[in-house]
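A short write-up of the structure that comes next.
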Amino acid sequence: MLDDIDRRILRQLQADPGLSMPDLADLARTTPARAARRVERMESEGIIQGREAVVDWAALGFAVHVSLRVTVDKAAPRALDELMSAAREIPEVIEIQTFLGRVDLRLAVIARDMAHYQEVYRDRILTLPHIADIEALLTISTVKDEGGLPV
């Protein structure tokens, strides 16, 4: 399992995935060689699955973020799969989640403005197959967005 050095490494990588190995080792209070071996081991074990850039969509001109809660018409045997496959093709759909319960699917949609969102919603979202019900939740503000785990 993870020891204190592993946890320190993970905390630092979550805070700044672009750290150089010497900087990571310094912050995790270990040597660069040991840090490199630990990172390599955690990658091979699937604990670290990659490093990614966090994009500020608003800085790129996408000011609208909407969460769509979708209930699927389950009359067709592969309705959920067909809906997800079609939703993947919409560039403004940046996240797709499935759920157990009344809501089957959540689509995170970004748009430049409300006119752009209306176009995406009317011309692409509402044409998706097998939608029985859809509810839109417009994001007003994000109060907390923690990507890291408390290790």
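A short reminder: the numbers here are calculations on the coordinates, not readings from a lab. Just so we're clear, the structure is a prediction, and the values are computed from it rather than from any experiment. Cβ: placed from backbone, ideal geometry, glycine included. Neighbour counts: every protein chain shown.
On C-alpha positions alone, give me the angle between the axis of helix 79-88 and the longest principal axis of the chain, in degrees, nearest 10.
70 degrees
What percent do you get for the relative contact order of the chain when only Cα pairs under 8 Å and 6+ apart count?
Computed value for the chain: 27 percent relative contact order.
If you fit an axis through the alpha-carbon atoms of helix 4-15 and take the longest principal axis of the Cα set of the chain, what angle between them do you get, 0 to 90°, nearest 10?
Between the helix axis and the principal axis of the chain, the angle is about 50 degrees.
Simple spin-label model, 7 Å along Cα-to-Cβ: LEU138 to ALA75 in nm?
Those two pseudo-labels are separated by 3.2 nm.
Give the order of SER20, SER85, SER141, SER67 when sorted by the count of other beta carbons within 10 angstrom, beginning with the fewest.
By the 10 Å Cβ count, ascending, the order reads SER141, SER20, SER85, SER67.
Pull out the extension gain between MET21 and ALA36, defined as 0.36 nm times the separation in residues minus the alpha carbon to alpha carbon distance; nm, one decimal.
4.7 nm
Scan around ILE131 for amide H atoms under 5 Å from its own, H built in the peptide plane at 1.01 Å from N, and keep only partners 5 or more places away or cross-chain.
ASP73
Under the Kirkwood approximation for Rh and a Cα-based Rg, what ratio Rg/Rh is obtained for the chain?
That ratio equals 1.11.
For the chain, modelled as a Gaussian network with Cα springs under 10 Å, which listed residue fluctuates most, GLY61, GLY46, GLY18?
GLY46
Rounded, prolate or oblate, given the Cα gyration tensor of the stretch 20-97, with a/c below 1.5 counting as rounded?
Verdict is oblate for the stretch 20-97.
With a ≥ b ≥ c taken as the square roots of the eigenvalues of the C-alpha gyration tensor of the stretch 4-44, please select rounded if a/c is under 1.5 and otherwise prolate if a/b is larger than b/c or oblate if it is not?
Rounded.
Per DSSP helix of 4 or more residues, -39500 (n - 2.57); summed, then divided by the residues of the chain. What does that give at 222 nm, rounded to the nearest 500?
-9500 deg cm²/dmol
What is the calculated FRET efficiency for ASP113 to ASP3, with r their C-beta to C-beta distance and R₀ = 41 Å, to the nearest 0.05?
0.25
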